[in-house]
Amino acid sequence: MNKTQLIRKGCLGLIGLFFSASIWAHGGAAGTDTDQCKFELEPTHWIHYTAYQPSAYPAEEFCGKLPGTNTLTQLVFDYQDMKYRNMLVEFEVTKEPEGKQVFLLPSAKHKKGSVNLELPNGVAEPGQYLIHITLIPDPADKEAGSSTQRLDVHMGFKAGGGEPVSKNSMLLYAFFTFAGLYLLYLSSAGFKRQVDAIISKIKA
């Protein structure tokens, strides 16, 4: 196996690790059967939740722990059941245990089944918070005989603590670094000579 094949195999192996890590990450913040980031509305009916802090942690997804405070925070909710898309949905975030309201999105219909709550400055202080979601049947649907009832669900999260970047993100950064170096190896004769010299010393 020549050095070019060796480098290519290494690059392909890293790509494989990268995608494997992406799949493993779905056990935490992305949607699988073992997903803990979801609200149970009714048996077998869920709202999936993912949190992002793109300014401070651009490659991360969060669930019950948000590492940053006073930073842009996005809370994304997805509900696939059509009947919930016809309901009025209200979102509220409170600081616990005092129950102080820090964010409120008044009730509205979200026909696309996805809601992105954007808190430009995130939450101001570390501690425990609670997300409240209230689904209210449209009065017109009630008049038409719909049996859908009001639903109230809650989910807590902790803000602050400055958790380190996950292994998944470290792998992502390593992947792009390696890919960049590989492209440089292919395009730069000087860099290629240096790498070839190092490989020759390793083989010696």
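Observations
- Scan of the stretch 99-117 for residues that are loosely packed, with under 13 Cβ neighbours inside 10 Å and closer than 16 Å to Phe157 by Cβ, ordered by number: Gly99, Lys100, Gln101
- Listing of helices (runs of 4 or more DSSP H) fully contained in the stretch 96-204 that carry 2 or more residues being in contact with a strand residue (DSSP E or B) (Cβ under 8 Å, 6 or more places away or on another chain) and at pLDDT 85 or above: none
The values are calculated or read from the model by the stated rules, or taken from the named source; none is laboratory data. Since this is a predicted model, take the numbers as computed values, not measurements. No Cβ is skipped: glycine too gets one built from the backbone with ideal geometry, and neighbour counts run over all protein chains shown.
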